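A.B. asks: Could you have a look at this structure, given as structure tokens, before my questions?
The values are calculated or read from the model by the stated rules, or taken from the named source; none is laboratory data. Note that the structure is predicted; figures quoted are calculated from it, not measured. FYI the Cβ positions are ideal-geometry reconstructions off the backbone, even for glycines, and counts take in every protein chain you see.
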């Protein structure tokens, strides 16, 4: 028995069919898979690298008829042309392909290498019990999994705090798998806060699950309907669960386990309402950023964390890439420190403290570091689409191949193609605006640039984590970070990382780093008393906060 059966192919929707195909490919060891399906997708529903390392476009044809024809092949051809590859597969839930489709494949054989997989081919394929993409948990993850399971059984609640890159999705999946294997009728609910994350979460869980466990997504436009069956794993958006609860208490089953990703969101009133109404005997939360600006403690809901590891400890124990972090403080006007800043907001202080400088000068520093470090794959985070376009133009003119990706004003087709080209190494620098903070694994990135972004500590930690995953092909590599500071809170975050580093030097944590090496190096001497003493409580403030900074001047 597996997630892919004749019955499931018949009753599935088109979106469910695409996700079944994605899981099928992932289960068979394909890498770098991306969902590219959307309106005007140029014929590509899934793009990824097969086990031989070839970039392949997959066109999924969901149909209620008995066959697919020539149109599916033409869509596949357009997809391959768009993603610049000659390899493609037409996958259909129909039992066969029309002879005209096979004829068109033969006609295109000089330019393209196409395959056709029917529903019968999928069902007959013998899947291994465990995914070939399964990640073997590291020792610290095994400890977290075991401690979580034990706490859930004995106390009914548990939480884990792992920084980005330390594999909290592996812990989530393995904990879920433990309870799902105990009973064929087990029902596990995994809740996320954002629509954009639920599909990614489901696909992150698949490699750790055996082939017999059913999964489904609930939430957003494509998956908004209430699932008919909750057996196995359901990945849901909080905003979809709440209306079902309020409409009728009988719509949802009693879940054996409720899990919450990024559980720092769980203290909001509506999230608490969902948790209370679900009334599960077991509640499990994971997060990479446990801090809350309102001071509420996650321990009240989830109990004392059974496992914790932040970025600094992950680096010291060699589970994250070592880092050469340079915080560029050359543009700070330290004469402002002597002024009466008591009644300034964060944004007002930033506008006075940071001197304006030219993007060309910043780009010159980026290019210099990039060339000194053998032109590594780079992500540059910046503040707006206009800024991204300007940086792309300047950096390209200086010889650093760059493209930008934004969350607004760009088609998903363009975003997917840009990410695929970046993964393929067709350009060196991906400039991001409000993208790839979460849900994208780019292990080959070994340089991060913060180009005067003004963001919260939570976003900062997420973005920094994009470049700290260990590259399996080069595990000894060091990540270069250039942070062109434009926010006083960023300096505070840098000092916090250094404090954590100093604290760990006096513990029994196994340390692979030599000597008293700081995580963050400042390009100029900073007035540490000003920053260290007076910024302790504002590291989590967002730009919109109007809280005054009550500085005390000696």
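A.B. asks: Just checking, how many residues over region 1-34 are in contact with a helix residue (DSSP H, G or I) (Cβ under 8 Å, 6 or more places away or on another chain), within 23 Å of residue 81 (Cα to Cα) and surrounded by fewer than 21 Cβ atoms within 10 Å (Cβ to Cβ)?
C.D. replies: Of the residues in region 1-34, 3 are in contact with a helix residue (DSSP H, G or I) (Cβ under 8 Å, 6 or more places away or on another chain), within 23 Å of residue 81 (Cα to Cα) and surrounded by fewer than 21 Cβ atoms within 10 Å (Cβ to Cβ).
A.B. asks: For residues that are in contact with a strand residue (DSSP E or B) (Cβ under 9 Å, 6 or more places away or on another chain) and in a helix (DSSP H, G or I), scanning just region 150-167, find the one that is farthest from residue 317 (Cα to Cα).
C.D. replies: Of everything passing the filter in region 150-167, 152 is farthest from residue 317 (Cα to Cα).
A.B. asks: Related question: Of 45, 50, which residue is surrounded by 20 or more Cβ atoms within 10 Å (Cβ to Cβ) and at pLDDT 90 or above?
C.D. replies: 45
Yes/no matrix, rows are residues, columns are (1) within 27 Å of the chain's Cα centre (by Cα); (2) part of a helix (DSSP H, G or I):
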residue	(1), (2)
110	no, no
114	no, no
132	yes, no
141	yes, yes
145	yes, yes
148	yes, yes
169	yes, yes
179	yes, yes
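A.B. asks: Further question: Determine which member of the set 175, 171, 188 is more than 16 Å from residue 143 (Cβ to Cβ) and modelled with pLDDT of 95 or more.
C.D. replies: Going through 175, 171, 188 in turn, the sole match is 188.
A.B. asks: Further question on the same structure: Report, by residue number, each residue of region 96-108 that is surrounded by fewer than 20 Cβ atoms within 10 Å (Cβ to Cβ) and either within 29 Å of the chain's Cα centre (by Cα) or not in a helix (DSSP H, G or I) (or both).
C.D. replies: Passing the criteria: 96, 98, 108.
A.B. asks: With respect to the numbered conditions (1) buried (at least 17 other Cβ atoms within 10 Å of the Cβ); (2) in a loop (DSSP other than H, G, I, E, B), which one is the sole condition not fulfilled by residue 63?
C.D. replies: Failing condition for residue 63: (1).
A.B. asks: While we're on this one: Could you grab me the full set of residues in region 189-230 that are part of a loop (DSSP other than H, G, I, E, B), in contact (Cβ under 8 Å) with a residue 24 or more places away in the chain and in contact with a strand residue (DSSP E or B) (Cβ under 6 Å, 6 or more places away or on another chain)?
C.D. replies: Matches in region 189-230: 213, 214, 230.
A.B. asks: Of the residues that make up region 412-426, is at least one in a strand (DSSP E or B), surrounded by fewer than 22 Cβ atoms within 10 Å (Cβ to Cβ), at pLDDT below 90 and under 19 Å from the mean Cα position of the chain (by Cα)?
C.D. replies: Taking every residue of region 412-426 in turn, none turns out to be in a strand (DSSP E or B), surrounded by fewer than 22 Cβ atoms within 10 Å (Cβ to Cβ), at pLDDT below 90 and under 19 Å from the mean Cα position of the chain (by Cα).
A.B. asks: Which of the residues spanning region 28-55 are in a strand (DSSP E or B) and more than 18 Å from residue 131 (Cβ to Cβ)?
C.D. replies: Residues satisfying the conditions are 47, 55.
A.B. asks: Taking region 66-95 as the region of interest, how many residues are part of a strand (DSSP E or B) and farther than 24 Å from residue 13 by Cβ?
C.D. replies: The number of residues fulfilling the criteria is 1.
A.B. asks: May I pose another question? Specify which of the listed residues (373, 329) is out of contact with any helix residue (DSSP H, G or I) (no Cβ under 6 Å at 6 or more places or on another chain), in the same structural domain as residue 418 (by TED's automatic domain parsing), farther than 27 Å from residue 419 by Cα and in contact (Cβ under 8 Å) with a residue 24 or more places away in the chain.
C.D. replies: 329
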